[in-house]
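Throughout, read-outs are computed from the coordinates displayed, never taken from laboratory work. Because the structure is a prediction, the values reported are computed rather than measured. So basically every Cβ, Gly included, is an ideal-geometry build from the backbone, and we count neighbours across all protein chains shown.
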Amino acid sequence: MPFRPRSVIIHPDASVQYEKPERSAAAGSHPDGAAWKKVGMAFERVRADGQWGEVIPKSQIPLRFVQKYGVTNLYCVDLPSFRRCFYTILGRDVIFLDIVDHRKYDRLFRS
């Protein structure tokens with residue numbers, strides 16, 4: 001049986017990252033519109049199964065997520081236009097933390 005979270009939210013510190021593609025999509029930007037649509041789909045999938053995203057192994061969680069949010073688990077969802085979003089599970093809640101482009105993703109996961 002899948003884990004069904006009590007809530008799926010965007011962390012207040014990350015709300016700007018999620019508002020930008022939403023605003024651009026509303027203004028008719030195709031790449032941002034596709035990314036925003038996929039974010040909405042990811043929210044729905046995570047509501048049905050909180051562990052749906054790709055698991056980032058604990059040893060590979062970027063220090064930024066540990067220091068800023070105190071995460072001990074991290075999941076990733078691929079988005080259009082070479083973007084990814086990240087979320088964590090805290091208790092019975094799913095908290096979306098960030099949307100990054102390809103360049104920022106590479107910096108986060110440098111060896």
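State the dimensionless ratio Rg/Rh of the chain (Rg: radius of gyration of Cα atoms; Rh: Kirkwood radius). Before the final figure, lay out each step's value.
On the way: Rg = 13.5 Å, Rh = 14.2 Å.
Value, to two decimals: 0.95.
Of the residues PRO62, PRO12, PRO21, which exhibits the maximal mean-square fluctuation in a Gaussian network model of the chain defined by a 10 Å Cα contact cut-off?
PRO12
Under a plain spin-label model, where a point goes 7 Å from the Cα along Cα-to-Cβ, how far apart in nm are GLN51 and HIS102?
About 3.2 nm, to one decimal.
Please arrange THR72, THR88 by how many other C-beta atoms lie within 10 Å of their C-beta, fewest to most.
THR72, THR88
May I ask you to compute the full-extension gain from LYS58 to VAL16, defined as 0.36 nm times their residue separation minus their alpha-carbon distance, rounded to one decimal in nm? Display every interim value, and only then the final one.
Numbers: separation 42, 0.36 × 42 = 15.12 nm, distance 2.61 nm.
Gain on extension, LYS58 to VAL16, equals 12.5 nm.
Using only helices, what value at 222 nm comes out for the chain when you add -39,500 (n - 2.57) per DSSP H run of length 4 or more and divide by the total residues, to the nearest 500 deg cm²/dmol? Write out the running numbers ahead of the final one.
Numbers: 4 runs with 45 residues, N = 111.
The per-residue figure over the chain is -12500 deg cm²/dmol.
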